[in-house]
Amino acid sequence: MPFEVTPSTWARQSFLIVEMDWPFSGLNKLGMSPLRSALRASEPRTRPLFFSSTNIPQPAGAEQLTATCRVATLGEILARKTPMPYAKRPCYDADSHIMELPDFLQKYADPDLRAAMPSVSYAASLVTDEEVAEIMKRGGHHTPDHVAELRAMGDDLIARSKEIQGLGAFDGHERVHALDLLGFKRQLVFATHSLAMPFSVNQKISPKLRYGAARAHNRHMVDFCSADKRLMGVAAVPLDDPELALDELEFALRSGLQAIWIPHHACGDKSPGHTAFDRFWARLVDADTPFVMHVGGAPLQMATEWMNNGRPPVKDWMGGGENLRTKDMAILHQAIETFVSMMLIDGVFERFPKLRGAAIELGAGWVPAMLTRLDWTVSIWRRTDTSIAGFKRKPSEQIIEQMAFTPYVFEEVGEFIDQSHPDLYLFSSDYPHTEGGRNPISRFETALGDRSEKIRDKFYAENFLRIFPDARV
């Protein structure tokens with residue numbers, strides 16, 4: 001019986017495959033292309049195409065093509081030939097990203113704030129304005145051809161599916177297919193470029209605008225991650241105003257977001273250990289929800305004075321000038337180490353021993369030295385500083401029990417484990433960011449060397465589950 005393919009058939013997730021056994025001659029005239037033993041139309045057609053079980057009538061002037069064929073959805077085709085996932089062992093991914101489209105905040109902001117919401121900028125990235133414009137021209141979607149090409153990559157997806165062109169880069173439903181191919185049990189999802197204003201150190205930004213942008217981000221994150229329970233949405237909560245921070249935390253918890261991203265710079269005019277934030281930390285404990293810090297939660301670039309060396313400006317790692325440069329990278333750990341140290345010295349971990357947190361995409365080579373330094377600092381200064389005199393646990397014990405850290409793919413995580421503790425470090429892919437590498441598991445395996453299977457289990461899964469116990473599957 002003939003069947004009809006109309007524009008409505010080409011709704012995302014529902015286009016058709018025509019399987020047949022016949023030479024691939026004349027297909028371009030039909031606007032179709034071969035995909036192994038399957039054929040699919042490459043673009044939506046405004047004019048219906050009619051197919052039957054024995055022939056495909058051609059447009060005027062095209063040669064007659066005959067074949068025996070049947071129809072299947074793309075999902076059926078892929079289900080029959082399910083590729084092996086990239087991860088061959090249980091892996092929980094502590095870092096992945098949305099590649100936000102320009103209207104990411106505006107679409108989800110309160111109506112009275114939409115005009116004031118900044119468009120997401122890709123100026124400090126590998127993504128070009130032309131790429132973004134082309135996607136926006138298509139209504140904020142990849143083409144069906146592009147999606148199918150990415151899904152056909154199988155376990156090579158992580159090596160080749162990058163940045164805004166990656167599978168599921170900005171579409172939660174497409175990210176589901178990416179997770180199927182990656183094979184990760186769960187995946188934390190962070191923003192990439194949309195938090196410049198909420199996390200800015202500029203105190204001239206009004207609280208209404210700062211927290212309004214955070215709310216827009218959090219709504220959008222909920223929507224993206226609603227596609228699959230494996231996607232663990234990360235809320236953004238600035239700490240500039242303790243009361244507004246608590247309000248936004250409550251919204252994030254009600255919305256089902258599973259981690260709270262806080263910036264790792266001074267909280268307005270306060271330390272993160274200020275007693276004004278005790279209700280915030282207590283609420284996280286009550287909700288059994290971890291806090292996280294991530295690169296981008298503090299300024300990426302150092303003060304301009306340090307760059308003034310009498311020589312021409314240097315480029316950042318992407319070839320421009322707005323991202324991390326050599327000097328920036330050398331001291332990137334200082335902000336996060338300062339933040340964690342202040343939390344500890346101000347007694348946050350001591351007062352809230354069930355509080356859990358993680359530092360993501362900020363490296364881990366600095367962690368063993370920080371533990372040693374905090375131990376001897378508290379040991380010596382507790383003689384005169386009464387605020388730390390009552391600590392029941394050494395600083396290193398507090399951090400080992402309550403925090404975790406993701407090493408960069410190029411770092412020697414095995415050595416860090418030897419120098420500190422195997423419970424401290426988490427696997428992360430950084431998907432779909434380029435800096436996550438083409439084969440992070442292979443590189444981490446090399447760094448882990450001949451260390452035991454138990455240590456590997458901790459790195460890839462159990463340490464994540466210590467911070468996020470409800471994530472176990």
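Observations
- Under the Debye formula (equal points on every Cα, no solvent term), log10 I(q)/I(0) of the stretch 341-473 at q = 0.11 Å⁻¹: -0.42
- Between the stretch 160-232 and the stretch 398-445, the Cα center-to-center distance that results, in Å: 21
- Bridgeable lysines around Lys185 (alpha carbons under 18 Å apart, same-chain partners fewer than 8 residues away excluded): Lys88, Lys229, Lys458.
- Taking other C-beta atoms within 10 angstrom as a stand-in for reagent exposure, Tyr122, Tyr431 fall in the order Tyr122, Tyr431, fewest first.
- Computed from the Cα positions only, the extents of the stretch 92-471 along the three principal axes stand at 66, 54, 53 Å, in decreasing order.
- Square roots of 5 times each gyration tensor eigenvalue, C-alpha, the stretch 249-335, largest first, Å: 35, 15, 9
- Using equal-weight Cα scatterers in the Debye expression, the normalised intensity of the stretch 137-179 in log10 at q = 0.28 Å⁻¹ is -1.05.
- From most to least packed by mean Cβ count within 10 Å, the peptides 248-257, 325-334 give 248-257, 325-334.
- The simple spin-label model puts a point 7 Å past each Cα toward its Cβ; for Asp247 and Ser119 those points are separated by 3.0 nm.
- Lys/Arg +1, Asp/Glu -1 at C-beta; the stretch 92-471 dipole; positive extreme among Gln398, Leu324, Met293: Gln398
- Cβ crowding within 10 Å averaged over residues, with 199-210, 228-239 ranked highest first: 228-239, 199-210
- Within the same chain, aspartates and glutamates fewer than 8 places from Lys107 are excluded, and of the rest, those with a Cα less than 18 Å from its Cα are Asp171, Asp223.
- Toward the positive end of the charge dipole of the stretch 97-213, with +1 on the Cβ of Lys and Arg and -1 on the Cβ of Asp and Glu, the farthest Cα among Ile135, Ala148, Pro207 is that of Pro207.
- For the stretch 113-239, taking the reciprocal of the average inverse distance between every pair of different Cα atoms yields a Kirkwood hydrodynamic radius of 16.0 Å.
- Cβ crowding within 10 Å, taken as a proxy for footprinting-reagent exposure, orders His264, His193 from fewest neighbours to most as His193, His264.
- Positive minus negative residues near Val237 (Lys, Arg vs Asp, Glu; Cβ under 11 Å): -2
- Charge tally in the Cβ shell below 12 Å around Asp450, where Lys, Arg are +1 and Asp, Glu are -1, Asp450 excluded: -1
- Nearest-20 debye value, the stretch 74-213 charge dipole, Cβ charges on Lys, Arg, Asp, Glu: 480
- If you sort the three axes of the alpha carbon gyration tensor as a ≥ b ≥ c, you get a/c of 1.5 or more for the stretch 180-302 and a/b above b/c, which makes it prolate.
- Rounded to the nearest 20 debye, the dipole magnitude of the stretch 168-239 is 380 debye, with +1 charges on Lys and Arg beta carbons, -1 on Asp and Glu beta carbons, and the Cα centre as origin.
- Partner aspartates and glutamates whose Cα lies under 15 Å from the Cα of Lys270, excluding those fewer than 8 positions away in the same chain, are identified as Asp240, Asp241, Glu243, Asp278, Asp346.
- Peptides 148-158, 336-346 ordered by packing proxy, namely the average of other Cβ atoms within 10 Å per residue, highest first: 336-346, 148-158.
A short reminder: the numbers here are calculations on the coordinates, not readings from a lab. A quick note: this is a predicted structure, and the numbers were derived from the prediction, not measured. Quick reminder, even Gly has a Cβ in these numbers, built from the backbone with ideal geometry, and neighbours come from all protein chains shown.
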